[in-house]
Amino acid sequence: MTAPVQRHPLAAQGAEALLARIRAGEWGLGHRLPGETTLAAQLGVGRSTVREAVRELSGKGVLDSRQGVGVFVTALDVTEDWDAVLRRTSVTSVLEARIAIEVEAAALAAERRTPNDLRAVRRALAGRAVTGRSVEDHVDADMAFHRCVIVAAHNDLLIELFDSFVPRVRTSMVDMMRTRPPASPEADHAAHEALTEAIAGRDPQGAAELSRAHLTGLKEVYK
């Protein structure tokens, strides 16, 4: 017995056809798509297939179906999986993103940190100063310090962004520390101490400058 033809591949083709038209600029951001009947005629499919195609693109964040109002364009392309983006992104690009995030986070931390935040930053600072550990443990301690600074900024989105970078950064940092360890571990730690004191002293400009200098130095290593 022949298996019945599945509608899903047809709906996927319809979704791809709609997406191609959105990419081509036929419908801009915020524009409403034609009705189901019109789209079905244009695509040469049934209305149920159009609904499935719209549902698929809605799930990918491209369309928004509003009952009784219509279907609207909410993005001009499918957003690629974040993990996939990070896997193919260079370490330099990740560090540039960290600069954008952490410099602002350091300034906000200096403005908003609580006594508990400051204690957490100081504990993390002491943790990264421990010697005689594996490279992996040192990198983890360093990441923990920087995360404490971001937590002190009291911005949940900055924390989420930093956490998404950590796996990509950690692997590269471990490799770098093994092949190109800091010329002066003491100077590297002193830079983190200075950042801590800027946060403790509620000096947003100083904290931002120190954070930028540290991360820019890391970026130079990877050039």
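Worth a mention:
- Interchain or long-range residues, amide H under 5 Å from L63's placed H: S58, T74
- Three-way shape label, segment 86-160, alpha-carbon gyration tensor, a/c 1.5: oblate
- Computed magnitude of the charge dipole of segment 126-223 (debye, nearest 20; Cβ of K, R +1, Cβ of D, E -1): 280
- Multiplying the residue separation of S90 and A129 by 0.36 nm and subtracting their alpha-carbon distance yields 11.2 nm.
- T216/A75 FRET efficiency (R0 35 Å; Cβ-Cβ; nearest 0.05): 0.60
- Note on the chain: Kirkwood radius taken over Cα pairs, Stokes-Einstein applied at 25 °C and 0.890 mPa s, translational D equal to 118 µm² s⁻¹.
- Mean separation of Cα pairs under 8 Å and 6 or more residues apart, divided by the residue count, gives segment 42-166 a relative contact order of 22 percent.
- Between the helical axis of 185-200 and the longest alpha-carbon principal axis of the chain there is an angle of about 80 degrees.
- Between helix 135-151 and the chain: long-axis angle, C-alpha atoms, 0 to 90°, nearest 10: 70
- Cut-off of 10 Å, at most 12 other beta carbons, DSSP loop: longest stretch of the chain lacking such GluC sites (Glu not before Pro): 81-223
Here, each number is a calculation from the coordinates, and none is a lab measurement. Treat the numbers as computed from the prediction; the structure is a model and nothing was measured. With ideal geometry, Cβ positions are generated from the backbone for all residues, glycine too; neighbour counts draw on all protein chains shown.
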